[in-house]
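The values are calculated or read from the model by the stated rules, or taken from the named source; none is laboratory data. All of these numbers come straight from a predicted model, not from anything done at the bench. Note that each Cβ is placed from the backbone with ideal geometry, even for glycine, and that neighbours are counted across all protein chains shown.
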């Protein structure tokens, strides 16, 4: 979907009662936020990094594009969470298992820390990503068509929250519509189960 199409549709639907509907820059900002939230909620972009070691003394590695021991391309994306890690033999290692001496930990969202020095070889890491702010929305919106409805509802939620005098129940209503749209996508099998992210956090914030 083109950004211009989304802005026009929103002006007729979720934003039709708000002055912001005519502010294309503001609406694009809300669309950016919606795209980011949907990447948080669904595993829409999984990427890979490689950890290599110049010696056996380093225990901590940062997936930030700066750590010289990590090969990762963050030119067009941001890392949201580390998903899995495999040793040089292709064996998946359990993350954050304190009872397993081979289990790496993730003390921060973009850091992998080993309990002991590891072999001089490459470890493969997969992580969930989202487009950079500047790349979230250009001419087209990079989302599965099944998530456009949820995107519209989230934009409506953010737009109403930002308006002075907006009533709390209106904000909650738009967020609940977003939440329900995401659930429908999952129930209809339009997003594979492994890519669906728990929304317990959202439920606790918006009963």
Practice prompt. Return the only residue of 88, 104, 131 being modelled with pLDDT under 95 and under 30 Å from residue 34 (Cα atoms).
Written response: 131
Item to complete: Check whether at least one residue in the range 108-117 is out of contact with any strand residue (DSSP E or B) (no Cβ under 9 Å at 6 or more places or on another chain) and modelled with pLDDT under 95, and report yes or no.
Response: yes
Worksheet item: When the range 41-56 is examined, which residues are found to be buried (at least 20 other Cβ atoms within 10 Å of the Cβ), within 15 Å of the chain's Cα centre (by Cα) and in a strand (DSSP E or B)?
Response: 42
Item to complete: For residues that are closer than 14 Å to residue 59 by Cα, free of Cβ contacts under 8 Å to residues at least 24 places away in the same chain and part of a loop (DSSP other than H, G, I, E, B), scanning just the range 76-106, find the one that is nearest to the chain's Cα centre (by Cα).
Response: 104
Worksheet, complete the sentence: Being buried (at least 16 other Cβ atoms within 10 Å of the Cβ), assigned by TED's automatic domain parsing to the domain that holds residue 121, within 30 Å of residue 163 (Cα to Cα) and touching a helix residue (DSSP H, G or I) at 6+ places or on another chain (Cβ under 9 Å) narrows 80, 38 down to just 80
Fill in: Residue list for the range 1-27, restricted to those being surrounded by 16 or more Cβ atoms within 10 Å (Cβ to Cβ) and in a helix (DSSP H, G or I)
3, 6, 7, 10, 11, 20, 21, 26, 27
